[in-house]
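Chemist: The structure under discussion is supplied below as structure tokens; questions concerning it will follow.
The values are calculated or read from the model by the stated rules, or taken from the named source; none is laboratory data. Predicted, not measured: the structure shown is a model, and the values here were computed from it. So basically every Cβ, Gly included, is an ideal-geometry build from the backbone, and we count neighbours across all protein chains shown. These accessible areas exclude ligands, DNA and RNA; they are computed on the full protein's heavy atoms, side chains included. Shrake-Rupley method; radii C 1.70, N 1.55, O 1.52, S 1.80 Å.
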Amino acid sequence: MTQWNVILNIAKTHLVTKMKSTVTAALGVTFGIGAYITLVSFMTGLNAMLDDLILNQTPHIHLYNEIQPSEKQPVALYETFEGAFNVVHSVKPKLSQRKIHNALPILNYLKKDPEVKGATPQARAQIFYLSGSIELGGNLIGVDIMEEVRLSNFRDYIVEGSPEDLENLDNGILLGAGLADKMSLSVGDRVQISTVRGDIFPLKIVGFYQSGIAEIDNIQSYANLSTVQRILGEATNYITDINIKLFDLKKALPMSQILEKQFNITATDINTANAQFETGTDIRNLITYAVSITLLIVAGFGIYNILNMLIYEKMNDIAILKATGFSGKDVQLIFMSQAMIIGLVGGLMGLLIGFGLSVFIDRLPFDTEALPTIETFPVNFQLHFYVIGIVFALISTFIAGYLPSNKAKRIDPVRIIRGT
Amino acid sequence: MSPVLETKNINKYFRKPVDFHVLKNISFSVKKGEFASIMGKSGSGKSTLLYILSTMDTDYEGHLFLNSELVTGNSQQTLSKIRNEHIGFVFQFHYLLSEFTVLENVMLPARKLGAKTYQEIEKDAKEKLEMLNIGHLAVKRASRISGGEKQRVAIARALINNPTILMGDEPTGNLDSFNAENVFQIFKKLKEEQGLSLLVVTHDHDFAKRTDRIIEMEDGKIISHGSGTD
Ligand SMILES: Nc1ncnc2c1ncn2[C@@H]1O[C@H](COP(=O)(O)OP(=O)(O)O)[C@@H](O)[C@H]1O
Ligand SMILES: [Mg+2]
């Protein structure tokens, strides 16, 4: 039977009388865990921010009609040339519409699918922005603005004005921020645009859109879906792209393959489109854990050394305890408890310091043109980091304490008592 | 009357640095309430024997009985428990845990045993200290008291679990004659008033001749069991 009271009492007395060593050992753990919490919070914050930056603007599945040559060239239809080796020069893309055939039924179908969080129609148009005698080439995307806002963080990228302003104004446009700069336009101004066919329309600027990616902000603007359809002179079923958000990102690939077959359409999924992002995330995680584990190993050696020293100093005490009836296991538990107390106290302080540093970083201003929505450094506060942190601390102190305490367990009291 | 402690043909060898037959066919017993002493030249194996009797050393041949039960061959865990409950040990050098108070030192074996509450143990420990006339030292740090006092604290600690037998390895060897006499009187009183069995190794003739029986050792053998009752 283990008398925990007396074992912990002895462990505590050792720790208190060796305050300096105890504090040194605990600080080692504190440092390791503090660094882990800070790093992991900051790194995953960065990950989330970068993922947001690209992935949130990317639909989970993107449906569109690819312009491509026909698989079967007309010559193959001639019975005369059947079986012959036909060479076709100067192959042209098949004449097909950019619009998605049956877009409205597809949309209806998708909206009923329980896996689908939402599907938004878009009509993309090649246009020119007219500013005096200058024509700037670009895109105008017709969107169902309130759906876009619901499904992505579109609202964050509207730096002036609001999505509601666009929704409420038929001839409104959310102008790319880069374009606004180039043409010196501000909210409330009118901008003339011209279609590829040469029709000119005036649109009223209701706000600016800034994605943080200059190539986009310099050419792309948003308007209501119906506005774009009207500009192009198309009917309300003219939809060039459908963006799908799923509840579960992992289903994007299989679902895109099914949709491709089912609707005879091109479907790209987010993972294929952004494979390189995973790599960046993995590397940042790797750095975090490599640094933290290194620090904890150093802390572990500190604990190992201090316990070894303590056991060396306490040889007589150990012999006495054993002579008076404490078992080897009791003695081991005394020293293991010391390691675990150091680990627990050091670890908890590490959590506090890590939290403090995370809060500090979270408040540091981080101003960058590229990221309009970010004002301070990104930090990810997650309970499970703290759980992992304390478990980390306990495991490493357990390992560091095990070897010395095992030595104490096996000390032969007769040798010590005889030695004096 | 059955013996509290008995050995049958105990032999022990040291292998290092050279093969050495340190204890040879040790067979003897201590009766309940007996105050026996062991004498012998330095190096005759007295301490070695006492370590075996106290169950700390298990590397020997032969049989050791405590209260007629075989102790030899038990696991370390069981032996720890036997030591804790049945054997009080007093060393020549007063081993106390220097970071604890006198009272805490005395209480430790009882807290390990865990048979009584903390309060009961505290009361017992104070009684033992009073009995040895050192009640006033209870709250002092063990490192802050004199040698004679330390030895009395060690005796109080050895007695805390009311052991079957108290063993001492030259418990007065390091004390001046006044303190040595004091310790002897304590032992005698324990025997007479509480019927405690004692087995004490000593170099002190004066001490030994006032015990019930002197066991004499030479070169690892018992050469005389003494004039007691055996
Ligand atoms: N660990 C050991 N290894 C080898 N020889 C030892 C060891 N311990 C004691 N001895 C020897 O055993 C003999 C008996 O020692 P000990 O029991 O301490 O004698 P005593 O207590 O009677 O003076 C001595 O000759 C001593 O040198
Ligand atoms: Mg000796």
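Chemist: Could you give me the residue pairs with C-beta distances under 8 Å whose first residue belongs to the range A:253-267 and is touching a residue at least 60 places away in the same chain (Cβ under 8 Å), whose second residue is aromatic (Phe, Trp, Tyr) wherever it lies, and which are 6+ apart or on separate chains?
Modeler: Qualifying pairs under 8 Å: A:Ile265/A:Tyr64; A:Thr266/A:Tyr64.
Chemist: Then there is this: Regarding the range A:265-272, can at least one residue be identified that is modelled with pLDDT of 85 or more and either in a loop (DSSP other than H, G, I, E, B) or farther than 30 Å from A:Glu71 by Cα (or both)?
Modeler: Checking the range A:265-272: at least one residue is modelled with pLDDT of 85 or more and either in a loop (DSSP other than H, G, I, E, B) or farther than 30 Å from A:Glu71 by Cα (or both).
Chemist: State yes or no: is B:Val183 away from chain A (no Cβ under 14 Å) and either in a helix (DSSP H, G or I) or in contact with an Asp or Glu (Cβ under 7 Å, 6 or more places away or on another chain) (or both)?
Modeler: So B:Val183 fits the description; yes.
Chemist: I'd like to check something: does the range B:89-108 contain any residue that is more than 26 Å from A:Thr2 (Cα to Cα) and more than 12 Å from chain A (Cβ to nearest Cβ)?
Modeler: No: zero hits.
Chemist: Applying the selection to the range B:33-70, what residues are within 14 Å of chain A (Cβ to nearest Cβ) and away from ligand 2 (no atom under 16 Å from the Cβ)?
Modeler: Scanning the range B:33-70 gives B:Thr55, B:Thr58, B:Asp59, B:Tyr60, B:Leu66.
Chemist: Please enumerate the residues belonging to the range A:77-107 that are of a type outside the set (Val, Ile, Thr), more than 29 Å from A:Leu232 (Cβ to Cβ) and under 50 Å from the mean Cα position of the chain (by Cα).
Modeler: A:His89, A:Ser90, listed by residue number.
Chemist: Here is a further query. Please list, ordered by first then second residue, the pairs with beta carbon atoms under 8 Å, 6 or more apart or interchain, first in the range A:294-321 and away from chain B (no Cβ under 11 Å), second open to solvent by 60 Å² or more (accessible area, probe 1.4 Å) and of a type in the set (A, V, I, L, M).
Modeler: Pairs found: A:Gly300/A:Ile399; A:Tyr304/A:Leu403.
Chemist: Does B:Gly168 satisfy being within 16 Å of ligand 2 (Cβ to nearest atom) and within 24 Å of B:Ile82 (Cα to Cα)? Steps first, please.
Modeler: Working: within 16 Å of ligand 2 (Cβ to nearest atom): yes; within 24 Å of B:Ile82 (Cα to Cα): yes.
In short, yes.
Chemist: Right, next: Taking the range B:12-40 on its own, how many of its residues are surrounded by fewer than 16 Cβ atoms within 10 Å (Cβ to Cβ), within 13 Å of ligand 1 (Cβ to nearest atom) and within 23 Å of B:Ile82 (Cα to Cα)?
Modeler: So the count comes out to 0.
Chemist: Name the residue that is farthest from A:Phe392 (Cα to Cα), counting only residues in the range A:50-73 that are at pLDDT 80 or above and out of contact with any Leu (no Cβ under 6 Å at 6 or more places or on another chain).
Modeler: Looking at the filtered set, the residue picked out is A:Asn65.
Chemist: Let me confirm something: among A:Gln68, A:Gln126, which residue is touching a strand residue (DSSP E or B) at 6+ places or on another chain (Cβ under 9 Å), touching a residue at least 12 places away in the same chain (Cβ under 8 Å) and assigned to a loop (DSSP other than H, G, I, E, B)? Step through it out loud before you land on a result.
Modeler: Working: A:Gln126 fails: assigned to a loop (DSSP other than H, G, I, E, B).
After ruling out the rest, the residue left standing is A:Gln68.
Chemist: Name every residue in the range A:327-361 that is in contact (Cβ under 8 Å) with a residue 24 or more places away in the chain and within 14 Å of chain B (Cβ to nearest Cβ), in order of residue number.
Modeler: Scanning the range A:327-361 gives A:Gly328, A:Lys329, A:Asp330, A:Val331, A:Gln332, A:Leu333, A:Ile334, A:Gln338.
Chemist: Can I ask one more? Out of all the residues in the range A:394-413, which are β-branched (Val, Ile, Thr) and open to solvent by 10 Å² or more (accessible area, probe 1.4 Å)?
Modeler: Result: A:Ile395, A:Ile399, A:Ile411.
For every residue, the table says whether it meets (1) loosely packed, with under 14 Cβ neighbours inside 10 Å; (2) over 17 Å from B:Phe91 (Cα atoms); (3) free of Cβ contacts under 8 Å to residues at least 60 places away in the same chain.
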{"residue": "B:Ile186", "(1), (2), (3)": "no, no, yes"}
{"residue": "B:Lys189", "(1), (2), (3)": "yes, yes, yes"}
{"residue": "B:Leu196", "(1), (2), (3)": "no, yes, no"}
{"residue": "B:Leu199", "(1), (2), (3)": "no, no, no"}
{"residue": "B:Phe207", "(1), (2), (3)": "no, no, no"}
{"residue": "B:Arg213", "(1), (2), (3)": "no, yes, no"}
{"residue": "B:Ile222", "(1), (2), (3)": "no, yes, no"}
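Chemist: On to the next question. Would you mind telling me which numbered condition in (1) within 28 Å of A:Leu8 (Cα to Cα); (2) at pLDDT below 90; (3) crowded, with 18+ Cβ neighbours inside 10 Å; (4) not acidic (Asp, Glu) A:Ile318 fails?
Modeler: (2)
Chemist: Determine, yes or no, whether B:Gly43 is more than 16 Å from the chain's Cα centre (by Cα), open to solvent by 60 Å² or more (accessible area, probe 1.4 Å), on the phi > 0 side of the Ramachandran plot and within 10 Å of ligand 1 (Cβ to nearest atom).
Modeler: Against the criterion (more than 16 Å from the chain's Cα centre (by Cα), open to solvent by 60 Å² or more (accessible area, probe 1.4 Å), on the phi > 0 side of the Ramachandran plot and within 10 Å of ligand 1 (Cβ to nearest atom)), B:Gly43 qualifies.
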